[in-house]
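*Asks:* Have a look at this one.
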Amino acid sequence: MLQRYTPLTRRTALMGGAGLTAAALAACTPGGTPETEDSGASDGGGSGAITFWHYYGGVATAPIEALVKRYTDETGTEVDIRHVPFGDFNRTLLQAATGGGLPDIALVNAFDTALFAGSDILMDLSDRVAEWGEQDSYFAGPWDTTQVDGATFGIPHVADTYALWTNTAALDEAGAQAPTTWDETETAAIDAAGEGSYGLAYCGRNGVEGATAWLLRFLAAGGDITDFTGAAGTAAMDSFLRMLEEGGVSEGVLTWTEDDVYAQFRTETAAMMINSASYLTSLADEAPDLEVEILPMPADETSVSWLSAENLTISSTASDPDAAWDLITWMQRPEVMNEYLPERNKLPVRTDTAEDEQWQDPVKKVFVDQLEIAWAPEESVSPASAEIFTAVQLALQSVLSGSSSIDDALATLQSSTDEALQQ
């Protein structure tokens, strides 16, 4: 049974996706959109309908398509909605821009919004937003990801945050208290480990996804994503290495996806996991008797969660910006989102949407309250964030595998970060 833990509410700044670097954008040549079975032809649609591209695959495809169909049923406006696989999305969008085939609406990763805005792919929505007047209804973190040089280039769609999931029976058996700090989390992870089981599971796989858990530890220690060689970087790396060496985590973390992490927790191989709200429904269905307490992300110098979010954008070559804007604003109505969000296991990006009774559920509220402390890279860093996150994972991998010292790994990470920020 899922239980409540009273969340921390201290606010700091604001899930990175597979972004393209500024250098990659500049290097690509015209060629149009690849005609894959998912992306469609390079003309962006050509049917006269609003064209809408997204990267929601698997079980996430049906809800977004049903939402758009509801809009068509209510308004009579046709929408040509297309799924482009997440790993191909940014490249496909870029090639569509150079080939003249951008969709009217693109749902883009929040961390990539500044990158595409700076490449003249997205339309400046500032005047429309000012006339609309609903910008103050959004949580600050998601809204900040739409801002580039003082202008608005998107509207937040949905969000997710990360929390610490704990198996209360496993912690009780280990004599461990529900942790509220990273030091307590490290101790609980080591104490709760046993033969063939571990105290903490997190995703540390190669690539962007594998950077999240370590960055949460680093940011909580007061870290700055442009400076990894200070005390925060050393403290975070020391902690993750110590948990591995003392059996608190498995070497498998370097290969685990977030789905794998969830599986470790669901099967009680791990007493705790760092993961998002996306697994709430699955866990309730697949392990209804598991006694779970959802805790805010542990604190250190500060309290930090992670913002995973998408923004709805209008392309700079949209054939009918007014129709595209009408669809986007319709999608963001609280009454619309409060029907759609539960199907997606995602969180509201608007404070008025979050006032609905369903978000007062104690477990969901932990995740919603984490929006107040959810981090995203600043505008100046966002275009390089995918490169930096990848370098973070490589540094973590080199330390946990024993191929590099902490000092050398952080020095290499800093060099990669400096290079990414200079592009």
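*Asks:* Spelling out what I want: for every residue of the stretch 355-360, take phi, set θ = phi - 60°, compute 6.51 cos²θ - 1.76 cosθ + 1.60 (Karplus), and round to whole Hz; glycine and proline get x.
*Replies:* Values, residue by residue: 7, 4, 4, 4, 7, 8 Hz.
*Asks:* Another question about this same structure. At a probe size of 1.4 Å, how large is the accessible area of Ser403, to the nearest 10 Å²?
*Replies:* Roughly 90 Å² of Ser403 is accessible to a 1.4 Å probe.
*Asks:* Rounded to the nearest 500 deg cm²/dmol, what is the calculated helix-only ellipticity per residue at 222 nm for the chain, with -39500 (n - 2.57) per DSSP H run of length n ≥ 4?
*Replies:* That comes out to -12000 deg cm²/dmol.
*Asks:* Write down the Kirkwood hydrodynamic radius of the stretch 267-332, to one decimal in angstroms, obtained as one divided by the mean of 1/r over all alpha carbon pairs.
*Replies:* Here the Kirkwood hydrodynamic radius works out to 16.3 Å.
*Asks:* Ok, one more. At a 1.4 Å probe radius, carbon and sulfur cover how many percent of the accessible area of the chain?
*Replies:* Heavy-atom surface of the chain belonging to carbon and sulfur, 1.4 Å probe: 44 percent.
*Asks:* If you don't mind, another one. Modelled label-to-label distance, Glu173 and Ala130, 7 Å Cα→beta-carbon offset: nm?
*Replies:* 6.2 nm
*Asks:* So how much accessible area does Tyr55 have, in Å² to the nearest 10, using a 1.4 Å probe?
*Replies:* Result for Tyr55: roughly 20 Å² accessible.
*Asks:* Right, another one. Starting from the Cα-Cα distance between Ala231 and Gln422, subtract it from 0.36 nm times their residue separation and give me the gain in nm to one decimal.
*Replies:* Between Ala231 and Gln422, full extension yields an extra 66.4 nm.
*Asks:* Report the calculated FRET efficiency for Glu74 and Ser282 (r = Cβ-Cβ distance, R0 = 35 Å), to the nearest 0.05.
*Replies:* Working from the Cβ atoms, E equals 0.70.
*Asks:* Run the 1.4 Å probe and let me know the accessible area of Thr255, rounded to the nearest 10 Å².
*Replies:* 100 Å²
*Asks:* Also, quick follow-up: Each label point is 7 Å from the Cα along the Cα-to-Cβ direction; what then is the distance between the points at Gln360 and Asn206, in nm?
*Replies:* 5.0 nm
*Asks:* Right, here's the next one. Would you mind getting the accessible area per residue of the chain, heavy atoms of the protein chains only, 1.4 Å probe, in Å²?
*Replies:* 38 Å²
*Asks:* What value does the chain have for Rg/Rh, both radii from Cα atoms and Rh as Kirkwood defines it? Can you show the working numbers first?
*Replies:* Values: Rg = 21.3 Å, Rh = 22.0 Å.
Ratio value, two decimals: 0.97.
*Asks:* Along Cα→Cβ, 7 Å out, is where each label goes; now give me the distance between the ones at Thr412 and Glu251 in nm to one decimal.
*Replies:* 1.8 nm
The values are calculated or read from the model by the stated rules, or taken from the named source; none is laboratory data. Just so it is clear, the structure is predicted and the values come from calculations on it, not from any experiment. All Cβ positions, even for glycine, are placed from backbone atoms using ideal geometry, and neighbour counts span all protein chains on display. Ligands, DNA and RNA are excluded from the accessible area calculation, which covers all protein heavy atoms including side chains. Shrake-Rupley method; radii C 1.70, N 1.55, O 1.52, S 1.80 Å.
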